[in-house]
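Here's the structure we're looking at; comments come further down.
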Amino acid sequence: MPRKKVVLRVNGRQHELTLDANVSLLYALRDLGYTDVKNGCEIGECGACAVLLNGKAVNSCMVLAWQADGAEIVTNAGLGTLDKPHPIQEAFADAGAVQCGYCTPGMIISTKALLDRNPDPSEAEIREALSGNLCRCTGYGQIIEAVHLAAARLRDGQPAVVAVAPPTALLKGERVATPGASLTGERAAESLRSPDGPGTVATPRASLTGEAAPKDQLLRRGGDRR
Ligand code: FES
Ligand code: FES
């Protein structure tokens, strides 16, 4: 296999690599430590691996690393941090749009691309923009709500307010604000340890950025396609 020299510019950092020509951008990014870019299917069907490539959302499993040579790549973790999340990440947490969090980084990337080109999308436009992102947990209603919320906040410049529901809400089936973690992609288990004590639900910052989630628990259709 021929090898290629590639410069990947990710979240403002530059990486100079020599890679086999058939290495996907997904593998290159994860090998560099950008594990907020999730590996869900490797065949372009789930959207978990989405990144912004020169401002456009792409499935990184369907792009060869050398094709991204010199391009500006932004992952979900490049949009915001746990201390200073992006309004889209915060909206996903506030709307309860994050459960396991595995799909969340890709959802947020697709949302970012949508709102950059259309600050006030209709529900149909949101559904269309997220049609390539699969979620096995939330049922999509809260995700659509999160995109509406993020769009409104970004348009109005409203400060993001995070409302955390008490555990009793869970018993009543009410919506619970969530997972900072899921927004960033970290391990959702962190959400179980609330630093705020009883009466609050600590959440998933990690999932927001997209880290963790054991690979062996993922649906892998098509096997290793490197
Ligand atoms: S679309 Fe790339 S991992 Fe599923
Ligand atoms: S797959 Fe979407 S939150 Fe779990």
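The values are calculated or read from the model by the stated rules, or taken from the named source; none is laboratory data. Every value quoted in this text rests on a predicted model; they were computed, and no experiment measured them. As a convention, Cβ positions derive from the backbone with ideal geometry for all residues, glycine included, and neighbour counts pool all protein chains shown.
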Point to revise | Among (1) within 15 Å of ligand 2 (Cβ to nearest atom); (2) farther than 21 Å from R30 by Cβ; (3) surrounded by fewer than 21 Cβ atoms within 10 Å (Cβ to Cβ), the one test that F92 misses | key: (3)
Exercise for review: Could you tell me which residue of the range 1-21 is farthest from ligand 2 (Cβ to nearest atom), considering only residues that are touching a residue at least 24 places away in the same chain (Cβ under 8 Å) and surrounded by 15 or more Cβ atoms within 10 Å (Cβ to Cβ)?
Suggested key: K4
Practice item. Report yes if some residue within the range 86-97 is free of Cβ contacts under 8 Å to residues at least 24 places away in the same chain, out of contact with any Ser or Thr (no Cβ under 6 Å at 6 or more places or on another chain) and either more than 18 Å from A146 (Cα to Cα) or among the aliphatic types (A, V, I, L, M) (or both); otherwise report no. Key: no
Exercise for review: Under 6 Å between Cβ atoms, at least 6 apart or on separate chains: pull out the pairs that start in the range 115-141 with a residue that is in contact (Cβ under 8 Å) with a residue 12 or more places away in the chain and small (G, A, S) and end on any residue that is in a helix (DSSP H, G or I) and within 16 Å of ligand 2 (Cβ to nearest atom).
Suggested key: A129/S110
Revision key, fill the gap. Within the range 145-165, of all residues that are among the aliphatic types (A, V, I, L, M), crowded, with 17+ Cβ neighbours inside 10 Å and at pLDDT 85 or above, the one nearest to ligand 2 (Cβ to nearest atom) is A146
Exercise for review: Under 9 Å between Cβ atoms, at least 6 apart or on separate chains: pull out the pairs that start in the range 62-82 with a residue that is in a helix (DSSP H, G or I) and end on any residue that is among the acidic types (D, E).
Suggested key: M62/E42; A65/D20; N76/D36; A77/D36; A77/E211; G78/D36
Point to revise | Flag if A68 is in contact with a Lys or Arg (Cβ under 6 Å, 6 or more places away or on another chain), surrounded by 23 or more Cβ atoms within 10 Å (Cβ to Cβ) and not charged (D, E, K, R) | key: no
Revision key, fill the gap. Among P105, P85, the single one that is more than 16 Å from ligand 1 (Cβ to nearest atom) and either part of a helix (DSSP H, G or I) or touching a strand residue (DSSP E or B) at 6+ places or on another chain (Cβ under 8 Å) (or both) is P85
Study note, to complete from the structure: Sole miss for L134 among (1) in contact with a strand residue (DSSP E or B) (Cβ under 7 Å, 6 or more places away or on another chain); (2) in a loop (DSSP other than H, G, I, E, B); (3) under 29 Å from A21 (Cα atoms) is condition (1)
Exercise for review: Only residues that are within 16 Å of ligand 1 (Cβ to nearest atom) and either touching a helix residue (DSSP H, G or I) at 6+ places or on another chain (Cβ under 7 Å) or in a helix (DSSP H, G or I) (or both): list them for the range 88-102, please.
Suggested key: C100, G101
Exercise for review: Give the residue that is farthest from I109 (Cα to Cα), with candidates limited to residues of the range 29-57 that are part of a loop (DSSP other than H, G, I, E, B), within 11 Å of ligand 1 (Cβ to nearest atom) and among the aliphatic types (A, V, I, L, M).
Suggested key: I43
Practice item. Evaluate the following for P87: is it of a type outside the set (V, I, T) and at pLDDT 95 or above? Key: yes
Review point. For L114, which of the numbered conditions (1) out of contact with any Gly (no Cβ under 7 Å at 6 or more places or on another chain); (2) more than 20 Å from L52 (Cβ to Cβ); (3) part of a helix (DSSP H, G or I) fails to hold?
Key: (2)
Review point. Within the range 43-53, which residues are surrounded by fewer than 24 Cβ atoms within 10 Å (Cβ to Cβ) and over 15 Å from L115 (Cα atoms)?
Key: I43, G44, E45, L53
